[in-house]
Amino acid sequence: MKIRNHKLEGVEFQPARWTGGVITPEIVVLHDTAGRLEKGNSARYLRDNDAKVSVHFVLERDGTIVQQVPTNRQANHAGESSYNGRKGCNGFSIGIEIVNPGKMTRIAGTGGLWARAWWKEDFQDGHGVELVEMTTREHGSGVWMDYTPEQITAGTLLLETLFRDIRTLKDITTHWYVSPGRKVDTNPLFPLEQIRAKVLGRDDPAQAAAEAGSAPSPTATMLRVVTAGSNLNLRRWPSFNPNVIGSVPNGTRVPAIRSGIFDGRAWTLVQFDGREGWIVDSYTQIA
Ligand SMILES: [Zn+2]
């Protein structure tokens, strides 16, 4: 997967009616469609409605992704919202709507857990869908439908692609986080922290730990990348977890910013191609 000209290559682009002005995306906001599961149903609504709503990507139950707004244009998915004190998330976010019924109500039924969606369709746990009844502080009480393995796989790949190709992106969050008390999507079964860890490397030393474990490099130190022919990975954090944000060609000279020992290995924070990232010292020389 690759973003080219603000579109995801290889997926269908269906232009949304409500496509706004140019934005610089800094976060991704994840949503549930809170609609029917049938393929194309929510995508059709989000593409063309009178409620002025739209979104960049729709993720179907079978893992199919559809794009409806270019990644550098505003979509109307978050409404009244704020992210760490900054209001109006539509102005700096990419939205992904995941097909899921949202909060459902438990109903009486034989043979296990049954729940009713807001549009009065009934679902039974274990019959094509997995249901769980649970309560959280952020979501309240309800019956929730699990996301499909295809949605998790495709969604993770989409996020990895967005974070690799759109350098201004910094975080993955949810509608309930940016609109607390007003919205409950994504539902409590969504593996948000696992996906954040995988895409952002958040099980790595965090920003504060990386800074505490390192010291500024001597002024004007330059390193030359020396690898056995291939490129050297530029990483968000000083670790070998999946956190690659770029690739430094063999022979490149890069300015060193900070250096430190992490997990017994020397790492340096360098600047390359307009961004900062960590490289392993063992593949560098002072230059
Ligand atoms: Zn939402």
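The values are calculated or read from the model by the stated rules, or taken from the named source; none is laboratory data. Computed from a predicted structure; not experimentally measured. Neighbour counts are summed over all protein chains in view; Cβ atoms, including those assigned to glycine, are modelled from backbone coordinates with ideal geometry. What goes into the accessible areas is simple: the full protein's heavy atoms, side chains included, and nothing from ligands, DNA or RNA. Shrake-Rupley method; radii C 1.70, N 1.55, O 1.52, S 1.80 Å.
Does Val69 count as closer than 24 Å to Thr156 by Cβ, aliphatic (A, V, I, L, M), modelled with pLDDT of 95 or more and touching a His at 6+ places or on another chain (Cβ under 9 Å)?
Yes: the conditions hold for Val69.
What is the one condition in (1) under 26 Å from Trp144 (Cα atoms); (2) within 16 Å of the ligand (Cβ to nearest atom); (3) of a type in the set (Lys, Arg) that Lys52 does not satisfy?
All conditions pass for Lys52, except number (1).
What's the number of the only condition in (1) assigned by TED's automatic domain parsing to the domain that holds Leu30; (2) touching a helix residue (DSSP H, G or I) at 6+ places or on another chain (Cβ under 9 Å); (3) not hydroxyl-bearing (Ser, Thr, Tyr) that Ile166 fails to meet?
(2)
Applying the selection to the range 60-93, what residues are open to solvent by less than 30 Å² (accessible area, probe 1.4 Å) and either within 13 Å of the ligand (Cβ to nearest atom) or on the phi > 0 side of the Ramachandran plot (or both)?
Gly63, Ala75, His77, Ala78, Ser81, Cys89, Asn90, Ser93
Can you tell me which condition Ala43 does not meet? The list is (1) away from the ligand (no atom under 13 Å from the Cβ); (2) within 22 Å of Leu157 (Cα to Cα); (3) part of a loop (DSSP other than H, G, I, E, B), and all the others hold.
(3)
Taking only pairs six or more apart or across chains, which ones have beta-carbon atoms under 6 Å, a first residue in the range 96-116 that is over 30 Å from Val69 (Cα atoms), and a second residue that is of a type in the set (S, T, N, Q) and in a strand (DSSP E or B)?
What qualifies is Trp114/Gln124; Arg116/Thr105.
Given the residues Asn250, Asn243, Asn233, which is the only one that is more than 17 Å from the chain's Cα centre (by Cα), under 30 Å from His56 (Cβ atoms) and surrounded by 14 or more Cβ atoms within 10 Å (Cβ to Cβ)?
Asn233
Kindly indicate which of Pro25, Pro101 is within 23 Å of Tyr177 (Cα to Cα), assigned to a loop (DSSP other than H, G, I, E, B) and within 16 Å of the ligand (Cβ to nearest atom).
Checking each option against the conditions leaves just Pro101.
Hey, does the range 139-147 have a residue that's under 18 Å from Thr33 (Cα atoms), surrounded by 22 or more Cβ atoms within 10 Å (Cβ to Cβ), within 17 Å of the chain's Cα centre (by Cα) and touching a residue at least 12 places away in the same chain (Cβ under 8 Å)?
no
Give the residues of the range 123-170 that are small (Gly, Ala, Ser) and closer than 30 Å to Gly246 by Cβ, sorted by residue number.
Residues satisfying the conditions are Ala154, Gly155.
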